[in-house]
Amino acid sequence: MQTMLRELRLFLTAVQFFTRLPVPAWVGHSAQQLEQAARYLPLVGAAVGVIAAALLWLSAQVLPLSLAVGLSMVGGILVTGAFHEDGLSDFADGMGGGHTKEKALAIMKDSRVGAYGVIALVLVLLLKFEALVALCREHSLVIAAAALIAAHAVSRLMAASIMLTQHYVREDDRARAKPAIQQLSHFSFAIALLTAIATLVILFAAGAKVTAIFAAAAAAILMRAYLAWRLKKRLGGYTGDCLGAVQQLSELAFYLGLLAAI
């Protein structure tokens, strides 16, 4: 019973940090809790995906498909407070404008959004929108809804895997996200992996072909591998903004892989 309560507390801690959803006061907050809660990042992603999928399904009953997709994306962004989108824009600014590790990290820390960040954010959101509309029109609303759940979970697994294989490089101990993004344990990663696999089973149950699911997962893994290589080469590790970029770009890759093979 105590173990179940502890894990529930960790999950709700992850919900508290990675989304804007309210959690009970008894959950509390500590650096140790936050560090261990990272194992539930894909489960939080699945929850965000469920909300987005529900919005897609309900909106599609009364609105044109493109508007339904747009509303589902807006819903997902509102639930997370654009947490990962903000990371993507900062990452793009830093990697695009910083010619040294120190300069790139300084730019990422700057709250202002530059041209690279705006362009990256607009392109990624537009491509995700087009991919989801295509999934709805060319295949089915059910598959598109299940893809939202799986993509949100798998993309967060890709971000978690960076925490397993690389080191946090920002030396500022005041960084808000630092406790949540220290190096992940193998046990925590195993929990994250099982969660992501469960969402792929949901996608299969929705009617997606096994080959399409493998293609989607492979696309996300390839995107993660490329970004991990870039991070190691340019920064020697990762920051919270880098994890946001990995999540966003892996999510996009998942949709594109699924769409290409379905």
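The values are calculated or read from the model by the stated rules, or taken from the named source; none is laboratory data. Just so you know, these numbers come straight off a predicted model, no measurement behind them. Neighbour counts are summed over all protein chains in view; Cβ atoms, including those assigned to glycine, are modelled from backbone coordinates with ideal geometry.
Here are the numbers for the structure shown:
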item: Members of region 121-167 that are of a type in the set (Lys, Arg) and surrounded by fewer than 19 Cβ atoms within 10 Å (Cβ to Cβ); result: 137
item: Residue match in region 205-214 (condition: among the β-branched types (Val, Ile, Thr), in a helix (DSSP H, G or I), in contact with a helix residue (DSSP H, G or I) (Cβ under 6 Å, 6 or more places away or on another chain) and modelled with pLDDT of 95 or more); result: yes
item: Positions within region 168-186 being surrounded by fewer than 17 Cβ atoms within 10 Å (Cβ to Cβ) and modelled with pLDDT of 90 or more, in sequence order; result: 169
item: Near pairs, Cβ below 8 angstrom, 6+ apart or cross-chain, from region 60-83 (of a type in the set (Val, Ile, Thr)) to any residue that is surrounded by fewer than 16 Cβ atoms within 10 Å (Cβ to Cβ); result: 79/20; 79/21; 80/20
item: Residue within region 110-123 that is in a helix (DSSP H, G or I), closer than 16 Å to residue 259 by Cβ and modelled with pLDDT of 95 or more present; result: no
item: Any hit, region 56-70, residues being touching a Gly at 6+ places or on another chain (Cβ under 8 Å) and at negative phi; result: no
